[in-house]
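Asks: What follows is a single structure, and I will ask about it in a moment.
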Amino acid sequence: MISAPAYDLEKVRADFPILSEEVRGHRIAYLDNAASSQKPRAVLDAVDHVYETGYANIHRGVHVLSERATEHYERSRRRMAKFIGAQSADEVIFVRGTTEGLNLVASSLGRYALGEGDEVLLTGMEHHSNIVPWQMVADLTGAKVVAAPVTDRGELDMDAFAALLNDRTRIVSVVHVSNALGTVNPVEEISRLARERGAYLVLDGAQAAPHLKLDVQRLGCDFYCLSGHKMYGPSGIGVLWGKKRLLEAIPPYQGGGEMIRTVSFERTTYAEPPAKFEAGTPNIAGPAGLAAAADYLDGLGIPEVAGHEARVREYAESRLSEVPGLRVVGTAREKAAVVSFVVDGVHPHDLGTVLDQEGVAVRTGHHCTQPLMERFGVPATARASFGLYNTEAEVDRLAAGLRTALEIFRP
Ligand code: PLP
């Protein structure tokens, strides 16, 4: 038995309407939170509230509904600044999610900071969204993308990382928590090393935001990205945080309405951040849902959520160790709520399909980390990823479903 969480788990589960859905004749056991998490009623209500009481285009109208919509939007920006420990709400840019945040930084910081022969240092456990945008800007600027290796446990090889940092390293961009392995990277140490070399540090916080108490100033990074949909907020909204002086210095990402001060055919001048990076009509209601998700997480207490998830993960690792031929991929000492695994003789997709028949949702595939899969010599893994509402009983159903898969595929 795992010990009880610091909050009332049944009450919390009742906050998430979808968790009482049945799929394939079973109550859903949703263990795919690293891909996207489910939404509490408070988030759904917050989005509805904007549409029902204060919806119009923002920042433009002189009329009441536009003022209300703008107030919802800007209040949410202030809330997210507090959630991540930003010094000012002007440092918070609303984006679609981590992918857009990383593309923005790669394009804008890349064009500002990179030249021929400069290096961008990544790690071998990056999500494709923290690899491909850097390759794209490297093609434009003549810079080179380098990746630090990962150990057999799935930790960043810090000696190799330090050795790869050199005077040509202009940007370091690292995943805070690995989606495929669950590894929590030592980002404060990484930040210290990057600073010593005068490199900018970008952190991909897509998997950190739902599990770790964030303080971007203490982490010592220059840019931080997160996705709302992985932290119980709506999809299509996320945050890119950047240090104010850098947001002022780097060029804009997209051009269009709202990001300008003046436009003429001869010359355009840009608005101050954050408007400079928010061209066009944004996701107007999404930020209110994201702010409600931040309230929800802080209401339970992120350390309490992380404590509960750690207990569920450890219970899962112990139950899965009883499954014959199962190997966990990624056994880092610091881990978030992810268990990636392979089972001898059964393809991960087959495991996922059998589990789905039992109402258990897991992810199978390369998790958008093909270089990492190659590092571990597997084409894919099955991944159970836990959230604040998961239970020991759901883990038992996962273990039982895997045994059913073994009976089918390895009779
Ligand atoms: N980085 C990591 C570590 C992720 O897990 C993901 C999504 O799975 C992303 C980036 C991309 O996030 P999004 O698809 O929300 O833009």
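The values are calculated or read from the model by the stated rules, or taken from the named source; none is laboratory data. If you're wondering where the values come from, they're calculated on a predicted model, not measured in any experiment. Neighbour counts run over all protein chains shown; Cβ positions are idealised from the backbone, glycine included. To get the accessible areas, we keep the full protein, side chains included, count just its heavy atoms, and leave off ligands, DNA and RNA. Shrake-Rupley method; radii C 1.70, N 1.55, O 1.52, S 1.80 Å.
Asks: Can you classify the chain as rounded, prolate or oblate using the Cα gyration tensor, where a ≥ b ≥ c are the square roots of its eigenvalues, rounded means a/c under 1.5, and otherwise it's prolate if a/b beats b/c and oblate if not? Mind dumping the intermediate values first?
Replies: Values: a/c = 2.10, a/b = 1.28, b/c = 1.64.
Verdict is oblate for the chain.
Asks: Next question. Local charge sum around V338 (other residues, Cβ-Cβ under 9 Å, Lys/Arg +1, Asp/Glu -1)? The partial results should precede the final answer.
Replies: Details: positive: R313, K335, R383; negative: none.
Local charge sum for V338: +3.
Asks: With n ≥ 4 as the cut-off for DSSP H runs, can you work out [θ] at 222 nm for the chain, using -39500 (n - 2.57) per run divided by the number of residues, rounded to the nearest 500?
Replies: Working: 14 runs with 161 residues, N = 411.
Rounded to the nearest 500, the figure is -12000 deg cm²/dmol.
Asks: Something else about it: Count the net charge of all other residues whose Cβ sits under 13 Å from the Cβ of R78, scoring Lys and Arg as +1 and Asp and Glu as -1. All intermediate terms of the calculation are to be shown ahead of the outcome.
Replies: Details: positive: R75, R77, R79, K82; negative: E71, E74, D90, E91, D295.
Local net charge: -1.
Asks: Can you send over the carbon and sulfur percentage of the accessible area for segment 44-298, probe radius 1.4 Å, protein chains only?
Replies: Numbers: 5030 of 10080 Å².
In segment 44-298, the share of accessible area belonging to carbon and sulfur is 50 percent.
Asks: Taking just the C-alpha trace of segment 274-411, give me its Rg and Dmax in Å.
Replies: Just the Cα atoms of segment 274-411 yield Rg and Dmax of 18.2, 61 Å.
Asks: Kirkwood hydrodynamic radius, segment 90-150, all distinct C-alpha pairs: what's the number in Å? Spell out each step's value before the answer.
Replies: On the way: mean 1/r = 0.0834 Å⁻¹.
About 12.0 Å for segment 90-150.
Asks: Build a GNM of the chain with springs between Cα atoms under 10 Å: which of E309, E116, E91 gets the top mean-square fluctuation?
Replies: Ranking E309, E116, E91 by mean-square fluctuation puts E116 first.
Asks: List the residue ranges in the chain for DSSP H helices whose C-alpha atoms run 18 angstrom or more along the long axis and whose Kyte-Doolittle average is 0.5 or above. Spell out each step's value before the answer.
Replies: Details: long enough: 64-84 (30 Å, -1.09); 98-113 (21 Å, 0.16); 286-300 (21 Å, 0.62); 302-320 (26 Å, -0.67); 392-409 (26 Å, 0.33).
Taking the DSSP H segments of the chain (at least 18 Å long, mean hydropathy at least 0.5), we get 286-300.
Asks: Okay, next question. Can you compute the charge dipole magnitude of the chain about its Cα centre, using +1 on each Lys and Arg Cβ and -1 on each Asp and Glu Cβ, nothing else charged? Give it in debye, rounded to the nearest 20. Could you put the intermediate results ahead of the total?
Replies: On the way: 43 positive and 53 negative charges, 101 e Å.
Charge dipole, the chain, about its Cα centre: 480 debye, nearest 20.
Asks: Still on this structure: In the Gaussian network model of the chain, springs joining C-alpha atoms below 10 Å, which of T331, T70, T53 carries the largest mean-square fluctuation?
Replies: T53
Asks: Also, I was wondering about something else. Which residue, Y112, Y389, Y73, has the most motion in a Gaussian network model of the chain that connects Cα atoms within less than 10 Å?
Replies: Between Y112, Y389, Y73, it is Y112 that shows the largest mean-square fluctuation.
Asks: So for the chain, averaging the separation of alpha carbon pairs under 8 Å that are six or more residues apart and normalising by length, what relative contact order in percent results? Working shown, then result.
Replies: Numbers: 848 pairs, mean separation 92.9, N = 411.
Dividing the mean separation by the residue count of the chain yields 23 percent.
Asks: Could you tell me which residue out of S20, L201, G236 lies farthest along the dipole of the chain toward its positive end? Charges go on the beta carbon: Lys and Arg +1, Asp and Glu -1, centred on the Cα centre.
Replies: Most positive-ward Cα: L201.
Asks: Another question, then. Taking K and R as +1 and D and E as -1, what net charge do the other residues with C-beta under 11 Å from the C-beta of V328 add up to? Can you show the working numbers first?
Replies: Numbers: positive: R153, R313, R327, K335, R383; negative: E317.
Neighbour charge sum, excluding V328 itself: +4.
Asks: Out of all DSSP beta bridges in the chain, what portion is antiparallel? Express it as a percent rounded to 5. Write out the running numbers ahead of the final one.
Replies: Numbers: 29 of 48 bridges.
Restricted to the chain, the bridges split so that about 60 percent are antiparallel.
Asks: Additional query: How large is the dipole of segment 166-243 about the Cα centre if only Lys and Arg carry +1 and Asp and Glu carry -1, each at its Cβ, rounded to the nearest 20 debye?
Replies: Details: 9 positive and 7 negative charges, 19 e Å.
Value, rounded to 20: 100 debye.
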